[in-house]
Every structure is written in C-alpha cells, then in structure tokens.
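The values are calculated or read from the model by the stated rules, or taken from the named source; none is laboratory data. Here the structure is a predicted model, which is why all the values come from computation and not from measurement. No Cβ is skipped: glycine too gets one built from the backbone with ideal geometry, and neighbour counts run over all protein chains shown. Ligands, DNA and RNA are stripped out before the accessible areas are found, and what is left, the full protein with its side chains, is counted by its heavy atoms. Shrake-Rupley method; radii C 1.70, N 1.55, O 1.52, S 1.80 Å.
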Amino acid sequence: DLDLACLDPRDVEDYLQQNLGAQVDAATVGKHFNTDYIIYVEVFEFQIRDPQHPQFLRGKISASTIVYDVRPNPADLPLYELAPVECVYPEGPPILMTATNTPFVREATYQLFAETVARKFYDYTVSL
C-alpha cells in the first residue's frame with residue numbers, strides 16, 4: 001500500500017507560467033508544492049499524421065522522463081533519468097484520416113503514451 005498523491009498538472013503549469021524562472025528548478029517547484037519528487041517529462045516529438053503519407057494517421061510521441069528527488073536537505077539534487085519513451089499508434093498499418101478518426105488516433109496516442117510513462121514506475125507483466 002503506497003502513500004502516494006499526485007498533483008494536478010494544470011496547477012503545476014499555472015505555477016510555472018506565473019514563475020518562469022522556476023521552469024528548470026525542480027527544488028523550487030518541489031518546495032512550493034511540498035512534494036518529495038518531481039517527475040519531468042520532456043516531449044521531443046509529437047505527430048498524428050504519417051510523415052510519408054499525410055492522408056494517413058499514425059500517432060507518435062518521443063520523450064524523456066527524469067525524476068528529481070527534492071526531499072528536504074538532499075546532499076545535492078539527485079535525479080534519475082529513465083529510459084526514453086517512444087510510442088506509436090497504431091502499431092500496424094496507419095489509419096485513413098477522416099473527421100472521426102483524427103480525434104480517435106490522437107486520444108489513443110495520448111493514452112498509450114501515458115501508459116508507457118506510468119509503466120516506468122511499477123512492475124507489470126507483458127502478455128504474449
């Protein structure tokens with residue numbers, strides 16, 4: 001049983017927009033929100049259209065994930081850089097772009113990305 005609480009990312013984004021100097025300072029953000037860890041996700045690539053065939057949809061997100069330990073009085077600001085995240089939806093052939101398929105592929109890509117990042121923080125079994 002974990003004693004875990006997550007902040008609403010919109011609250012963090014609001015704070016960062018109001019304090020632009022804090023964007024790269026995990027310790028300040030952690031102190032403001034009274035938290036032990038900051039998970040920083042940086043998205044490098046986001047696309048919905050297949051680059052070779054723009055009439056088709058293939059969602060892709062590439063990102064990095066870093067965890068900062070911002071507990072009080074750390075010797076220095078330890079960080080744990082996790083393996084890069086790359087997800088593609090669908091895994092098979094791309095989907096023809098239509099008014100209904102576009103939001104579906106976007107949402108499915110977001111969901112796959114969230115699951116891929118979340119799996120970095122717990123044990124799981126891959127079904128074959």
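Details
This table checks each residue for (1) under 18 Å from the mean Cα position of the chain (by Cα); (2) part of a loop (DSSP other than H, G, I, E, B).
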position	(1), (2)
A63	yes, no
A99	no, yes
P103	no, no
K120	yes, no
V126	no, yes
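- Any chance A108 is at pLDDT 95 or above and in contact with an Asp or Glu (Cβ under 7 Å, 6 or more places away or on another chain): no
- Residue check for Q47: modelled with pLDDT of 85 or more, within 29 Å of A108 (Cβ to Cβ) and not in a strand (DSSP E or B): no
- Checked against the criterion of being among the hydroxyl-bearing types (S, T, Y) and at pLDDT 90 or above, the candidates T65, T28, T125 yield just one match: T65.
- Going through (1) of a type in the set (D, E, K, R); (2) assigned to a loop (DSSP other than H, G, I, E, B); (3) out of contact with any Asp or Glu (no Cβ under 6 Å at 6 or more places or on another chain) one by one, R71 falls short only on (3).
Conditions (1) open to solvent by 50 Å² or more (accessible area, probe 1.4 Å); (2) closer than 18 Å to A114 by Cα, marked per residue:
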{"residue": "N19", "(1), (2)": "yes, no"}
{"residue": "H32", "(1), (2)": "yes, no"}
{"residue": "D36", "(1), (2)": "yes, no"}
{"residue": "V41", "(1), (2)": "yes, yes"}
{"residue": "F44", "(1), (2)": "yes, yes"}
{"residue": "H53", "(1), (2)": "yes, no"}
{"residue": "L57", "(1), (2)": "no, no"}
{"residue": "A63", "(1), (2)": "no, yes"}
{"residue": "P93", "(1), (2)": "yes, no"}
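- In region 11-44, the residues that are in a helix (DSSP H, G or I) and touching a strand residue (DSSP E or B) at 6+ places or on another chain (Cβ under 7 Å): A26, V29, G30
- A83 in a loop (DSSP other than H, G, I, E, B), at pLDDT below 95, under 30 Å from L4 (Cα atoms) and hydrophobic (A, V, I, L, M, F, W, C): yes
- Figure legend. Inter-residue proximity from region 25-40: first residues over 20 Å from A63 (Cβ atoms), second residues of a type in the set (S, T, Y), beta-carbon distance below 8 Å, spacing 6+ or different chains. Indicated pairs: A27/Y68; G30/Y37; G30/Y68; H32/Y15; F33/Y15.
- Taken together, the criteria place V70 among residues that are under 28 Å from A27 (Cα atoms), of a type outside the set (S, T, N, Q) and touching a helix residue (DSSP H, G or I) at 6+ places or on another chain (Cβ under 7 Å).
- Whenever a residue of region 101-128 is closer than 15 Å to V41 by Cα, it has no partner that is open to solvent by 100 Å² or more (accessible area, probe 1.4 Å) and not in a loop (DSSP other than H, G, I, E, B) lying with C-beta atoms less than 7 angstrom away and at least six residues away or across chains.
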